[in-house]
Each structure stands twice: as structure tokens, then as C-alpha cells.
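All remarks here apply to the structure that follows.
The values are calculated or read from the model by the stated rules, or taken from the named source; none is laboratory data. Values in this document were obtained by computation on a predicted structure and should not be read as measured data. No Cβ is skipped: glycine too gets one built from the backbone with ideal geometry, and neighbour counts run over all protein chains shown. These accessible areas exclude ligands, DNA and RNA; they are computed on the full protein's heavy atoms, side chains included. Shrake-Rupley method; radii C 1.70, N 1.55, O 1.52, S 1.80 Å.
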Amino acid sequence: MQKLHFSIIINALKEKVWHTMLEDKTYREWTAAFNPGSYYKGDWNKGSKILFLGPDPETGIEGGMVSRIAENKPYEYISIEHLGIVKNGVEDTTSEEAKKWAPAFENYTFEEKDGATEVLVDMDIDEKEAEIFNKMWPDALQRLKAIAEQA
């Protein structure tokens, strides 16, 4: 696994940035940078199972990640533990393909900076996937910034 790090300063209070990042409607908007149609099923409470889903770009069939919320400190930090994949609508945590994604963590830290918020993203990723995520995360964070800074 490789570790990727990203950050952005958003001109909004961290409570607003937190809600923008995690609430269903706005989550769908900023995560379209990864896959148009992205959404989640579940909740963000510590220990909860959560599925990150969207249509497969090639087949249109639902796919994504099986995950668990490892930690949730409201407006400060959230940690997602990826446990496997969803392929063709079926959860898979045991195949070789699933194991290349798990266990992996995706962590978001929210730090207040003079009335603005710095969002820090730390992510474990298979080396083969790192290049594409290095391109997608900056776009996703710019989308998050634009949505959170809207009046």
C-alpha cells in the first residue's frame, strides 16, 4: 500500500465544511470527481458499516467499496476503514481483488485556520491505483471547496 496526502484551504467554518463533505446531497456533488453517480449507503457513526457506491463506468452496474467508520470526532476527524469491494452489486471481502483494497484507511482531518478550514486527506492505496487518485483528489477537493464556499 502507498500513502497519499492531499489538502485544501476552504473559506468556511469547519462545521460547514464537515456537513458539506458528508451530507448526502453535497457528497454526491463533490464525489462526482471520482465517479459520476457516486453515493453512499449507511451512516458516518463510529463502528457503522458504510457502502460507497456508484455505477461502473464500463458496465453501469453498481459497484464500490465495503467500509466501516473506524473513528468519528465531529468537525475534527473521520477515519474510514475499507474492508472490500462491491462488484456487480455483491459485497466481497475475501477475493484477491478485494484484498488489494483492504485493509486500507481513508482519513479526513478538519483544522481551523483563521476562520477558514484546512481539510487534510490521508489515504492508503494500492500502488497501481495511486496515479489515478492523484489526479482525481485535487478535482474532488476543488469541488468540495466551491460547494462549501457558496453563500
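Below, the figures for the structure above:
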quantity	calculated
Per-residue HN-Hα couplings for the stretch 86-97 [Karplus 6.51, -1.76, 1.60; θ = phi - 60°; Hz; x = Gly/Pro]	10, 10, 6, x, 10, 6, 9, 10, 10, 6, 4, 4
Accessible area in square angstrom per residue, the chain, 1.4 angstrom probe	52
Inter-centroid distance (Cα atoms) of the stretch 1-54 relative to the stretch 124-151, Å	10
J(HN,Hα) series, the stretch 99-112, from Karplus relation 6.51 cos²θ - 1.76 cosθ + 1.60, nearest Hz, glycine and proline x	5, 6, 9, 9, x, 9, 10, 10, 10, 10, 10, 10, 10, 6
Helical contribution to [θ] at 222 nm, DSSP H n ≥ 4, -39,500 (n - 2.57), averaged over the chain, rounded to 500	-8500 deg cm²/dmol
Nonlocal amide H pairs with residue 102, under 5 Å, H built at 1.01 Å	none
Loop GluC sites (Glu not before Pro), the stretch 48-105 (other Cβ atoms within 10 Å of the site Cβ: 10 or fewer; DSSP)	58
